[in-house]
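I have placed the structure first, in the form of structure tokens, so that the comments after it can refer back to it.
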Amino acid sequence: MDKINILIGSTNPKKKIEITNITKDLNIQFTLLEELNNAPEILEDGKTFKDNAVKKATAFAKWNGSLTLADDSGLEVKSLNNRPGVYSARYAGEGATDEMRIKKLLAEMAAFSAEDRKARFKCAIALANPEGLLFVVEAKCDGIITAEPRGKNGFGYDPIFAFPEYGKTFAELTPETKNMISHRAKALLLFKEKLKESLLF
Ligand code: ITT
């Protein structure tokens with residue numbers, strides 16, 4: 001059977017690596033926006049991860065005329081009323097690095113006790129074709145914000161997100177382990193079920 005080509009409506013190469021690894025049992029060839037020329041910028045102004053995933057998937061599918069997946073994800077800290085949430089990428093301003101975002105969050109939470117450090121990663125994944133949305137799925141993963149960054153793997157907020165069952169941050173886990181338990185792994189499990197239902201496979 002021929003491979004199905006799916007554009008990932010994202011500029012984050014780390015997301016492509018995780019999505020490719022988690023779906024390697026399927027016959028999909030993924031392309032990232034950065035591999036194409038002149039991709040438009042889509043304003044992520046939705047109130048929820050789902051809104052933003054749907055907006056990105058439908059806009060890039062229409063622009064490229066192809067099946068397109070978009071992943072919108074982020075970190076919700078319970079005692080910050082679920083901030084940074086959909087603002088996770090912009091939490092330390094436009095152009096900030098992962099290190100700057102981590103530093104800002106740790107500073108904001110410096111006085112928080114262990115009880116007040118509960119957090120969750122959320123991930124919404126939408127699939128669209130040029131005619132519109134096919135489906136959207138969502139998943140979460142609970143954890144604790146550490147006092148200091150630990151580990152070198154992963155990306156984004158991974159060095160300060162501890163997974164209590166393993167006593168390690170996502171950045172201390174191997175990619176294989178993160179890809180079995182993460183918010184993105186759980187969302188992609190649902191994604192695979194929906195793909196099969198949609199008869200694309
Ligand atoms: P695209 O919008 O182009 O896909 P992005 O990295 O900006 O790329 P989001 O808008 O979904 O993605 O922003 C998510 C923010 O949350 C961003 O700061 C990420 O680094 C972070 N994030 C998302 N998934 C993560 C994960 O698995 N581990 C750690 N941080 C993550």
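Which links in K14/K78; K3/K55; K14/K103; K56/K152; K122/K194; K56/K192 stretch past 23 Å when you go from one Cα to the other? The pairs that break the limit, which is 23 Å between Cα atoms, are K14/K78; K3/K55; K56/K152. For the pair L26 and K118, label points projected 7 Å from Cα toward Cβ lie 3.2 nm apart. Equivalent ellipsoid of the range 85-201: semi-axes from √(5λ) of the C-alpha gyration tensor, largest first, are 30, 17, 12 Å. Between the Cα long axis of helix 183-197 and the first principal axis of the chain there is an angle of about 20°, rounded to the nearest 10.
Compactness ratio for the range 64-109: Cα radius of gyration over 2.2 N^0.38 Å (N = residue count) comes to 1.43. Can you tally the net charge around S198? Count Lys and Arg as +1, Asp and Glu as -1, for every other residue whose Cβ sits under 14 Å from the Cβ of S198. Every neighbour counted, the sum reads 0.
Residues within the reach of a label modelled at R90 (point 7 angstrom out along Cα to beta-carbon, backbone nitrogen below 11 Å), restricted to the range 43-67, are 43-47.
With the highest mean first, a sort of the peptides 126-133, 111-118, 67-74 on other beta-carbon atoms found within 10 angstrom per residue produces 67-74, 126-133, 111-118.
The distance separating the Cα centre of the range 131-201 from that of the range 1-29 comes to 15 Å. Against the criterion of solvent-accessible heavy-atom surface with a 1.4 angstrom probe, T97, T11 sort, most first, into T11, T97.
Of the residues M100, M180, M109, the one with the largest accessible area comes first in the ranking M180, M100, M109, computed with a 1.4 Å probe on protein heavy atoms.
The values are calculated or read from the model by the stated rules, or taken from the named source; none is laboratory data. Not measured: the values here are computed from a predicted model. Heads up, the Cβs are rebuilt from the backbone with ideal geometry, glycines too, and the neighbour counts pull from every protein chain shown. Side chains included, ligands, DNA and RNA excluded: accessible areas come from the protein's heavy atoms. Shrake-Rupley method; radii C 1.70, N 1.55, O 1.52, S 1.80 Å.
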